[in-house]
1. Report every pair of residues separated by at least 6 positions or lying on different chains whose Cβ atoms are under 9 Å apart, first residue within region 109-129 and assigned by TED's automatic domain parsing to the domain that holds Tyr275 and within 11 Å of ligand 2 (Cβ to nearest atom), second open to solvent by less than 10 Å² (accessible area, probe 1.4 Å) and at pLDDT 95 or above.
2. Quick one: is Thr108 outside any loop (DSSP other than H, G, I, E, B) and more than 16 Å from ligand 1 (Cβ to nearest atom)?
3. Restricted to region 222-241, and to residues that are under 20 Å from Leu321 (Cα atoms) and open to solvent by less than 20 Å² (accessible area, probe 1.4 Å), which residue is farthest from ligand 2 (Cβ to nearest atom)?
4. Among Asp300, Asp233, Asp266, which is the only one that is among the acidic types (Asp, Glu), more than 14 Å from ligand 1 (Cβ to nearest atom) and without any contact (Cβ under 8 Å) to a residue 12 or more places away in the chain?
5. For region 191-211, indicate whether the set of residues that are away from ligand 2 (no atom under 16 Å from the Cβ), closer than 22 Å to Ala287 by Cα and modelled with pLDDT under 95 is non-empty.
6. What tally of residues in region 87-101 results from selecting those that are in a strand (DSSP E or B), open to solvent by less than 30 Å² (accessible area, probe 1.4 Å) and farther than 11 Å from Ile130 by Cβ?
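The values are calculated or read from the model by the stated rules, or taken from the named source; none is laboratory data. As the structure is a computational prediction, the values presented were derived from the model and not from experiment. Quick reminder, even Gly has a Cβ in these numbers, built from the backbone with ideal geometry, and neighbours come from all protein chains shown. Areas reflect the complete protein model, heavy atoms only, side chains present, ligands, DNA and RNA absent. Shrake-Rupley method; radii C 1.70, N 1.55, O 1.52, S 1.80 Å.
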Amino acid sequence: MSQAVGTTLSLKDYLQQQQASEQLQSVLFSLTEACHSIHHALTKGALAGVLGAAGAENVQGEDQKKLDVIANDLIKDSLGKNPSVRGLASEEEPEIVACQTDGQYLVTFDPLDGSSNIDINSMVGTIFSILESRGEHAATEQDFLQPGRQQVAAGYVLYGPSTMLALSVGNGVVMFTLDPSNGDYLLTNNAVTIPEDAKEFAINMSNQRFWHPAMQRYIAELLEGAEGPRGKDFNMRWVAAMVADVHRILCRGGLFTYPWDSRKPDQAGKLRLMYEANPMGFLVEQAGGEVWTAAGKILDIQPEHIHQRVPVILGAKNEVLRCVEYHGNA
Ligand code: F6P
Ligand code: MN
């Protein structure tokens, strides 16, 4: 649950309170400034001619939207100028991009998560993860392949009715609201926690017939509600933008899953480990929730490549652990 506060504490004030290094602060400012520009591009929408397809596919084989490309370029330009950034990796870039050889940080990001929502004027967001760089050489893909537990900071900017930044620098989760008139991010939630129990779940139900039997059983029991083994009714939500579904879970609890399914049996899942599951997982664990595949904690996975996919079960502790346990017994 998020704790609303009436405050004018800025992102800069908060990072100073947290004793974040000057370099980490500057990386976060580069990211959030770019997100302020993305906010304006999204707000103008059709008036700025930014809606619709870009006419190309990304490395994942997904059709790129114009705004995917615009958001990617804004973040890439902003981070690329920052002397503290050793390298970056984006959903929209086939390879990692090396930046300053002596930069202290590596940044992975999904420039515009949920981009199928763009053309229906619905919620989208930017997700980011910050890792420390090692040694003294130009960034390589190998440098990025660190388990999510080693993230020094992670967060997202959600472009909704208001634009909000959710952030963890490893000491809990806080949320800021953007003042679009001047680009200030002001602290509006200072203690985000996910209750251990839940009454709400998020999954794309249309894929039900393709799920593992353990996931079929877990969701079937939720749907049976008060008359079933769970003895209570559950509500369902699906925004089709992970960033917005996880934001709801940070604000009022629940479970979110995009599980493995048999449509592409050799593909681990739909979501990407390094710029979707890991940063969201860092936030959810920092807020007291759990973040698993059916077999283990996501933040402990040793990544093998930058665009790796992973099944995701995250949110309320007791629900996630029950769902994982069903898979163990299956
Ligand atoms: O980035 C992938 C993504 O858009 C997520 O943000 C979202 O949770 C999911 O895909 C939606 O997938 P589907 O269209 O299968 O419901
Ligand atoms: Mn995404």
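1. none
2. no
3. For region 222-241, the residue satisfying everything is Gly228.
4. Numbers: Asp300 fails: without any contact (Cβ under 8 Å) to a residue 12 or more places away in the chain; Asp233 fails: without any contact (Cβ under 8 Å) to a residue 12 or more places away in the chain.
Residue meeting the stated conditions: Asp266.
5. yes
6. Total meeting the criteria: 3.
Condition check ((1) more than 17 Å from the chain's Cα centre (by Cα); (2) open to solvent by less than 30 Å² (accessible area, probe 1.4 Å); (3) of a type in the set (S, T, N, Q)) across all residues:
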| site | (1), (2), (3) |
| --- | --- |
| Gly103 | yes, yes, no |
| Thr108 | no, yes, yes |
| Asp119 | yes, no, no |
| Gly135 | yes, no, no |
| Arg149 | no, no, no |
| Tyr159 | no, yes, no |
| Leu165 | no, yes, no |
| Ser168 | no, yes, yes |
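To keep it simple, each residue is scored yes or no on (1) over 20 Å from Leu131 (Cβ atoms); (2) assigned to a loop (DSSP other than H, G, I, E, B).
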{"position": "Met274", "(1), (2)": "no, no"}
{"position": "Val284", "(1), (2)": "no, no"}
{"position": "Ala294", "(1), (2)": "yes, yes"}
{"position": "Leu299", "(1), (2)": "no, no"}
{"position": "Glu304", "(1), (2)": "no, yes"}
{"position": "Asn318", "(1), (2)": "yes, no"}
{"position": "Tyr326", "(1), (2)": "yes, no"}
